[in-house]
Every structure is written in C-alpha cells, then in structure tokens.
Amino acid sequence: MNPLLKMVLELGPLVVFFFANSRGAWIAERVPFLSDIGGPIFVGTACFMIATALALSVSWILTRTLPIMPLLSGVIVLVFGALTLWLQDETFIKVKPTIINTMFGAILLGGLLFKKSFLGYVFDSAFRLDVEGWRILTLRWGLFFLAMAVVNEVIWRNFSTDFWIAFKVWGNMPLSIVFTLLQLPLMQRHALPEEGEEAAKQT
C-alpha cells in the first residue's frame, strides 16, 4: 500500500475523533441523528467508530488483508465506543488505549517468557533480524506499550477530556515515531544480510 495512504488510514480516524470532539455541537446541528447521542465526546466517539470502520474497510478492499494490530485496535474501538454511547459513559472510550497497549505489551512480553519473539512473526517479511535482535526489539516494544498504557491512565484520570483527546492525537503518534526511530541502530546492528548478498559472499 502507498505509505501516504497507509498513514491516512491509520491516523485518519484519530484526526476525525479530535475534530468531531472539538466541533461536536456544530456537527450535531448539521447531522440530526447525532444530536440525540449526547455531548461532544459522544459525537466524537460515534464519528471515531465510523471512521475506524471505513479505514478498515478501505484497507481490506485495497490489500485483501488486515494487519493484526490495526484489526484488534479497530475491534476494541467499536466495542468500547458502543459501550460509551449505550451507557453514556465516556470512561469506556478513555480506557480503550490502556486496554490495547496493555494487551499488546502483555502478549509481547509473555511471548518472551516462552522464548517467542512475536514481533518477528509479524514483521519478518519487512525486516530480517537475527534471533537476538528480535528478542531485544520485542522486549523494548513490550515495555513501550505498557508505559503508554500507564501514560494514558495518568492523563485521562487527571486532565480534561479535551486534553486527553489532544494528547491521544498529537502526543501518542509523535512518541511512537520517536521510539521507532530510536530502534534503528539496534535493527542495523542485528540485520541479516539480504539473500543476494549471502549468495555473493558464498561465491
């Protein structure tokens, strides 16, 4: 998939969430059925769910496959978004990032206990690392996911809803990008030679 389109599909629902929350009343006035949902956070949640479903659908149409992490995140968005709207309780959508990050962190770190580097299974087609490289990278990402779960808990419990949404959109992604870039030296040190390079060396 085109990298720009991939980024739009991944970030688009979050941007929609941010915009719909900040302009919830304006949107509700122009979309009648949203006026009965509730305040801005509920309008934003409804738009977030719709945008997430659309992003997953477009991804499936273009690639005929859905990566496991976006798929799990999308399912949790839809489930917790529905609970948020049904019970009129914004807590459900706020704890969604905590649950997703904790789940990913637990899966990655739990796999290491059984000597399984699950990142290697997911990204082996994109990156070729040795066993130690995948182990260290999996450990770091597992700890990062757990740290982001803690950060989400601290922010939604101690700051306003608007601040939490702004951080979710403009804080989470930059932190993830910076963390990813910091892993490049590790990946370069543990990168396996390409098959063509191996064959050339052998000859």
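The values are calculated or read from the model by the stated rules, or taken from the named source; none is laboratory data. Here the structure is a predicted model, which means the values were calculated and not measured. Don't worry about glycine lacking a Cβ; one is built from the backbone with ideal geometry, like all the others, and counts go over all protein chains shown. SASA here: full protein model, heavy atoms, side chains in, ligands and nucleic acids out. Shrake-Rupley method; radii C 1.70, N 1.55, O 1.52, S 1.80 Å.
General observations
- Nonlocal Lys pairs with alpha-carbon distance under 24 Å, the chain (8 or more apart, or different chains): 4
- Only helices enter this figure: runs of n ≥ 4 DSSP H residues, each worth -39500 (n - 2.57), summed and divided by the residues of the chain, yield -26000 deg cm²/dmol at 222 nm to the nearest 500.
- Accessible surface of the chain, 1.4 Å probe: 70 percent of it comes from carbon and sulfur atoms.
- The mean sequence separation of alpha-carbon pairs under 8 Å and at least six residues apart, normalised by the residue count of the chain, gives a relative contact order of 19 percent.
- Virtual spin-label span in nm between residue 4 and residue 65, 7 Å along Cα→Cβ: 2.5
- Within the chain, the whole DSSP H helices whose Cα atoms reach 30 Å or more along their own axis and whose mean Kyte-Doolittle score is at least 0.0 are 40-63, 91-113, 131-158.
- Rounded to the nearest 0.05, the FRET efficiency derived from the C-beta distance between residue 182 and residue 153 at R0 = 25 Å is 0.60.
- Per residue Cα convex hull volume in Å³ - calculated over region 50-96: 58
- Among 86, 141, 170: highest mean-square fluctuation, GNM of the chain, C-alpha pairs under 10 Å: 86
- A straight line joining the Cα centroids of region 58-107 and region 135-187 runs 16 Å.
- For the chain, modelled as a GNM whose springs connect Cα atoms under 10 angstrom apart, the maximal fluctuation among 127, 144, 118 occurs at 127.
- Look at (i) 136; (ii) 113; (iii) 124: the one that is volume of the Cα convex hull per residue in Å³ derived from this structure is (i).
- Distance between the modelled labels on residue 172 and residue 192, one decimal in nanometres: 3.3 nm (7 Å Cα→Cβ projection).
- Based on protein heavy atoms only, region 70-203 ends up with 59 Å² per residue of surface accessible to a 1.4 Å probe.
- Here the Gaussian network model covers the chain, with springs between Cα atoms less than 10 Å apart; of 146, 108, 34, 34 fluctuates the most.
- Take residue 132: with every protein chain present and a 1.4 Å probe, its accessible area is about 80 Å².
- For residue 129, residues with placed amide H under 5 Å, excluding near neighbours: 192
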